[in-house]
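Only one structure is covered here, and it is reproduced in the block below.
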Amino acid sequence: MANSSGSRSSQNGASQVKNSVRRKSKKSRKRKIIKRTILIILLIVLVGAGIYVGPKLVNVMQLAKDAKSMADESTVDTFKDGKTTVIYDKNGDQLCTMKASKDMYYIDFDNIPSVLADSFVVMEDRDFYNHSGIDIKAIIRAIIANRKSDTIVQGASTITQQVAKNVFLSQEVTWERKIKEIFLAWELEKMYSKEQILEFYLNNIYFSNGYYGVEAAAKGYFGKSVSELSVSEQAFIAAIPNNPTKYNPLTNYDATLSRRNLILKELRDADYIDSMTYNTAVEEDIVVTGSGEKVSTKNNSVETYARHCATEELMKYYGFVMRNNFDSEDEYNEYEDLYQKYYSSCQQMLINGGYTVYTSIDPDAQEALQNSIDKNLAGYTTVGDDGVYEFQGAATCIDNSTGNVVAIVGSRSQELDGYTLNRAYQSYRQPGSSIKPIVVYTPYLQQGNTPDTIVTDEKIDGGPNNADGSYAGQMTLRTAVMKSKNTVAWKIYRDDITPKIGIGFLLNMGFHRVWMDKSTNAVALGGFTYGVSTEEMAGAYATIINDGMYRQPTCVTKITNTSGRAIVDTSDREVRVYDTNSCRMMTDMLRSVVTGGTGVGAEPSNAIVAGKTGTTNGNKDAYFCGYSQYYTMAVWTGYDYPKTQNSVKTISIFRDFMEAVHKGKEKVEFKTASRVTTKQTETETQSQTQEETKATEEETTTTQVQATTQSQTQKTTAANTASSSAKATEKRTQAGTDATKRTGEWMHLHRRIKRHSNMM
């Protein structure tokens, strides 16, 4: 038992833990014999001739044989060595590696403080010293619950089972994996002592931010060895592995501190520490300095994004169903909890699994994008208390031919240690008028309108004002887009598109945080509850230049496992969102924005581009989104805590980058639209629609142009959009996922995690 100060020698800690183990072992010897007998009987019953789970027969005997073979072939070094995951760029050059810090910081059990070890026992597996690797009662409860559901809804994992899973098995949630995990845990208990198993566990679990094992976590968060940690600090780092994202001390300090307090209370109630030690520890201020030896180095934007994309692709491979549409805050929070658990688990797999990740990152484009942001924002030198530039920029560039991200920048260049925010995909900001082509004008074109359609710019009671405060009356839709008329976009969105349908387009294109704005007219002008990211905006604009086909942005093209087998391939992920002709008309109008509207100055000398500006009130956020025939780019500038920008630099950042990335490329004109006017007769319109449908029979799945009356148009569009939404959602759910790995729809996964938090 640790003293009240929490400081003691590792030798004393070792003797205390060993004595504790010895006392508990003597008391439980008889119980272990009884439990082993019950276990043997249970396993014999299961082994019989196999068991039926869900639709198939599981050969338990073979699983038991496989588990024994794994255990027999293991040595102590098996638990010390990690497998390095390598990530490559577009050219096949190594971008970065992901290697567990345990390789450098593995420590023996004798050097692990007793309070830290006891913290995991009391929180994760109170019967650890008494069982044979398996909690019999929990297994029986789980079998009953899981048989009722024909899938795994309860895990019943002991510390030994977690070691078995983390070191030997995958994270897939299947009967086969769970049964093999049980047998493997049993076999490991026969080969290794309790002290060894706990040592394996404490050196292999993930402590967030790239730290694996207790020693790496101690050095990373406190700059000292784990043997030097106070009782309070030991409980603090013990709080993290339960959910490394939720309890990340760098981003969710208060949540981590709250769980530390819970752990200290449980230690006191279980008599692992006395009341005086508890009182001292719970009052201790925790300062996460990380001032000592660093285990991981600062990640740049592209490395951070590559790891994120690879993690999400593994999540989908192992059965997680991505969602971005919810009916309530509670539903969203439940999904987010499940997402974080899967994310943490798959991130751990990525670091330990020895995968090979192939990406679309173009190092030349990446350098050009970073240089463009750095150069254009160089005049803003003010830094915050953390030393980070206050005025920031972020951008995402997509290759239009593949839909893959080739360059991504999340901040200005700075040599800083510690957590690095990648604003390109992690920050959600207001897009201003740059959202109009996505939710207003392209959908409006799908209703049978054209750039020549007459609209009215006039004052709206209770509506927005135009940026210049003037109202010009009747004008063409093209002029309204060029001059970014707020009143026109507002009326079209409110009366013709409707918020529900407008948001539907964003949901079909993977926007993560817009679901709460289904009834908000302000969306037409970029007014969201949370906002959007440059990654999302680049993906949406790339959809327009690609004739309405959306491909979820990612830089991962393929992932192979240690045997070289491809488990992830992202090449087939196209989803129809807009019709072809509407997109080409939209491009034509966005071309006008650059040549004579608010986007003048965005065009480089060596490329033809189209795009749209977007600024919020007071220039607190600024966007420019645009594309050539080759590349699509979305760029943002602003402050992390919004305040007015002195000048907007997004256009010049876009132009300079496009100039660099188009060197040596031929100037290519945009494809032209087949014009349809709103004044055509029903017969003429139907005839043209039939021709378009025939020409794009396999491609076109969304709204067809039906120009009769406005009412009829709206009804047809709404129905077809809903159909398109359903098809898009279905394809997006299936993309990149091995069908045999799926375990059900999202609600099914939700029920699992709700019933048992240790499902994974």
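We did not get these values from a lab; they are worked out from the coordinates using the rules stated. The model shown is predicted, which means the values in this text are computed figures rather than measured ones. In this analysis, Cβ positions are derived from the backbone assuming ideal geometry, glycine residues included, and neighbour counts consider all displayed protein chains.
Can you tell which of THR613, ILE653, CYS555 lies farthest toward the positive end of the dipole of the range 523-654, using +1 and -1 charges on the Cβ of basic and acidic side chains (Lys, Arg; Asp, Glu)?
Projecting each Cα onto the dipole axis, the largest value belongs to ILE653.
Can you tell me the length gained on complete extension of the stretch ASN59 to ASP468, counting 0.36 nm per residue apart and subtracting the Cα distance?
Net length gain for the segment: 139.9 nm.
Explain nothing, just compute: Karplus ³J(HN,Hα) = 6.51 cos²θ - 1.76 cosθ + 1.60, θ = phi - 60°, for every residue of the range 376-386 in order, whole Hz, x for Gly and Pro.
In residue order, the calculated couplings are 6, 10, 4, x, 9, 10, 5, 10, x, 4, 8 Hz.
Length gain on complete extension for the stretch GLU367 to THR402, per 0.36 nm per residue less the alpha carbon to alpha carbon distance? Walk me through the intermediate numbers first.
Values: separation 35, 0.36 × 35 = 12.60 nm, distance 2.02 nm.
Using 0.36 nm per residue and subtracting the Cα-Cα distance, I get 10.6 nm.
Farthest toward the dipole's positive end in the range 498-600, which of ALA538, SER519, GLY564, given Cβ charges of +1 (Lys, Arg) and -1 (Asp, Glu) about the Cα centre?
Final value for the positive-end residue is GLY564.
With the cut-off at 22 Å, tell me which of the pairs LYS491/LYS649; LYS90/LYS665; LYS190/LYS219; LYS246/LYS316; LYS190/LYS265; LYS483/LYS665 have Cα atoms farther apart than that. Present the calculation step by step, with values, prior to reporting the outcome.
On the way: LYS491/LYS649 30 Å; LYS90/LYS665 18 Å; LYS190/LYS219 33 Å; LYS246/LYS316 20 Å; LYS190/LYS265 33 Å; LYS483/LYS665 31 Å.
Checking Cα-Cα distances, LYS491/LYS649; LYS190/LYS219; LYS190/LYS265; LYS483/LYS665 exceed 22 Å.
Which one of ALA472, SER411, THR453 has its Cα pushed farthest toward the positive end of the charge dipole of the range 383-538, where Lys and Arg give +1 and Asp and Glu give -1 at the Cβ?
THR453
Roughly speaking, what is the centre-to-centre gap between the range 534-577 and the range 210-228 when only Cα atoms are used, to the nearest Å?
So the two Cα centres are separated by 37 Å.
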